[in-house]
Amino acid sequence: MKRYDLIVIGAGPAGLSAAIEGAKNGLHPIVFDENAKPGGQLFKQIHKFFGSKEHKAKVRGFKIGEELLEEAKKYGVKVVLNATVIGLYEEKEITVRVGDKVKHFKGDSILVATGASENMVTFKGWTKPGVIGAGAAQTMMNLHHIQPGKKILMLGTGNVGLVVSYQLLQAGCEVVALVDAAPRIGGYGVHAAKVSRCGVPFYLSHTIIEAEGKEEVTGVTIGEVGPDWKVKPGSEKHFDVDTICLAVGLSPMSQLLKQTGCEMEDTKGGYVPVCDEKGATSIPGIYAAGDVSGIEEASSAMIGGRIAGIVISNYLGYLEDETMNQQIEDLEKALNSLRKGMFAPENRGKLVTKTEEDLDVSMNLLEKGFVAEDEIERYPGVKHMVGVHPVMECTQNIPCNPCQDACPKGCISIGENITSLPVVKMDTTCIGCGMCVASCSGQAIFLVNQEDKPGFGTVTLPYEFYPLPEKGQKGIALGRNGEKVCEAEVVEVRTSKAFDHTSLLTMRVPKEMTGKARFFTTEEKEA
């Protein structure tokens, strides 16, 4: 039986981060993962992360995964793939199935970072081919470059449902609707807004009644639910689709921790082990990090993994208490900053009606997916100025600040509180470089020139679809709700390595439409 200082179960963001920190401090860790490739969910995440520089903000998930693997290689972390851990025991022993063999390993410490699995819901026809999890759709698109379907309905408006819906549009699929039984959108408003301005409708307080089709999905019927969560008679709506995606939450994969006898508890984040603030379970030497200890974003999982790696180094005598405390102080500060704002753990399931700045939250955004015309002007990122200037339609307190760092002229201010709404500084001059537009993880920043020639102005927006429109191309400007507001002409399309695959499309529209036009398309939306 081979022995290791640290055995890590799961080669995702938390597990790799922990192994790297342990190796930095002199440990000899080994990481087991049941998949053919390491990195967990990171390589499916082509969107840019939120947070700050310390959280890898404005960096795409798969790039973060590449950086983690490179760092693991640098420090000699051993990663064993296609290896399923089938047993974890109190004596810190594990059994692993590798191929057709079962092997035993002993660890001086164990970190469980097995992540989470997708939840499912049942309805008539839910087992038909064509009903898939949103994570499965993301795998098909972003790892295997296969369209999951042509016409798709998404159930669930948390961040997973919103992000995957947008990525489906990027893959050339038609998303006919986003549906959720809850009365309000559960994910970030900026994610909902970028889907909405592409013309995808939201049906809140609705659920799926039936997946139609004899042998595979050919359609779907949804219905409105009342306060008793039952479908209201006569509220049925039909859509022709070939695929139904389910994004109805995640459940921690905590079975190994339960098996070994760790104390467990039911929480809002799922059935998880009881851990202290540093990831230690009730069994000495066994730790947990990432989604297995509570569902959060990948940024939090990486920080939690790093903290666990440092704590384990101290537990095994490779790190003095003082050094450990110094190393984790900044990490805990960064982790706590990610757990603030409207989407903080203590706000789960609550209706937050005021921002930290005491501004009314957009109810239209929560209920329809876009900020209404009579709401948008209340936010500090929306100002009317002469010449080119940023318009930041960021309306919720989300931990994110790359726009502040991106502006070379200091036109944008968030301040020290990472969850504050961005503010346009009126005493500065925007040079129209577009770095703020490209850096915004929520695609919520636009450059507006209210009148660049008599009667017309320009709007520069983030654009992540192919093929790219060409200069001089005529098309349609869509509003925040995805409906046509006016005709538009492409003035310029800018690409740059610094933009990291976000192109900047500048379109000319009538000057009175510069505050409304937020997307460009060449296709007329069907009535």
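The values are calculated or read from the model by the stated rules, or taken from the named source; none is laboratory data. Just so we're clear, the structure is a prediction, and the values are computed from it rather than from any experiment. All Cβ positions, even for glycine, are placed from backbone atoms using ideal geometry, and neighbour counts span all protein chains on display.
Data table
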item	result
Members of the stretch 331-360 that are touching a residue at least 24 places away in the same chain (Cβ under 8 Å) and part of a helix (DSSP H, G or I)	331, 332, 334, 335, 337, 338, 345
Candidate set from the stretch 211-235 (those that are surrounded by fewer than 17 Cβ atoms within 10 Å (Cβ to Cβ) and among the charged types (D, E, K, R)); member that is farthest from residue 176 (Cα to Cα)	228
Some residue of the stretch 466-482 being basic (Lys, Arg), touching a residue at least 12 places away in the same chain (Cβ under 8 Å), surrounded by 21 or more Cβ atoms within 10 Å (Cβ to Cβ) and under 21 Å from residue 397 (Cβ atoms)	yes
Extreme residue, surrounded by the fewest Cβ atoms within 10 Å (Cβ to Cβ), among residues of the stretch 88-109 that are touching a strand residue (DSSP E or B) at 6+ places or on another chain (Cβ under 6 Å) and assigned to a loop (DSSP other than H, G, I, E, B)	92
Condition check for residue 149: in a loop (DSSP other than H, G, I, E, B), outside the structural domain of residue 28 (by TED's automatic domain parsing) and either buried (at least 17 other Cβ atoms within 10 Å of the Cβ) or among the aliphatic types (A, V, I, L, M) (or both)	yes
Residues of the stretch 494-512 satisfying the condition of being without any contact (Cβ under 8 Å) to a residue 60 or more places away in the chain, under 27 Å from the mean Cα position of the chain (by Cα) and more than 20 Å from residue 172 (Cα to Cα)	495, 496, 497, 506
Of residues in the stretch 110-132 being of a type in the set (Val, Ile, Thr) and in a strand (DSSP E or B), the one farthest from residue 88 (Cα to Cα)	131
Unmet criterion (only one of (1) in contact with a strand residue (DSSP E or B) (Cβ under 6 Å, 6 or more places away or on another chain); (2) of a type in the set (S, T, N, Q); (3) in a loop (DSSP other than H, G, I, E, B)) for residue 251	(3)
Members of the stretch 437-479 found to be assigned to a helix (DSSP H, G or I) and either polar (S, T, N, Q) or over 17 Å from residue 492 (Cα atoms) (or both), listed by number	439
Conditions (1) free of Cβ contacts under 8 Å to residues at least 24 places away in the same chain; (2) touching a Phe, Trp or Tyr at 6+ places or on another chain (Cβ under 8 Å); number of the one not met by residue 434	(1)
Test result for residue 148, in contact with a helix residue (DSSP H, G or I) (Cβ under 9 Å, 6 or more places away or on another chain) and of a type outside the set (Gly, Ala, Ser)	yes
Test: residue 91 is more than 22 Å from the chain's Cα centre (by Cα) and closer than 27 Å to residue 140 by Cβ	no
From 515, 482, residue being over 24 Å from the mean Cα position of the chain (by Cα), not assigned by TED's automatic domain parsing to the domain that holds residue 195 and not in a strand (DSSP E or B)	515
Members of the stretch 236-266 found to be of a type outside the set (D, E, K, R), more than 30 Å from residue 141 (Cα to Cα) and surrounded by fewer than 15 Cβ atoms within 10 Å (Cβ to Cβ), listed by number	259, 261
Filtered residue count, the stretch 110-131, keeping only those that are over 23 Å from residue 215 (Cα atoms) and either of a type outside the set (Asp, Glu) or surrounded by fewer than 16 Cβ atoms within 10 Å (Cβ to Cβ) (or both)	9
Residues that are within 30 Å of residue 101 (Cβ to Cβ), in contact (Cβ under 8 Å) with a residue 60 or more places away in the chain and polar (S, T, N, Q), drawn from the stretch 22-76	41
Residue 426 vs. criteria at pLDDT below 95, over 23 Å from residue 168 (Cα atoms) and not small (Gly, Ala, Ser)	yes
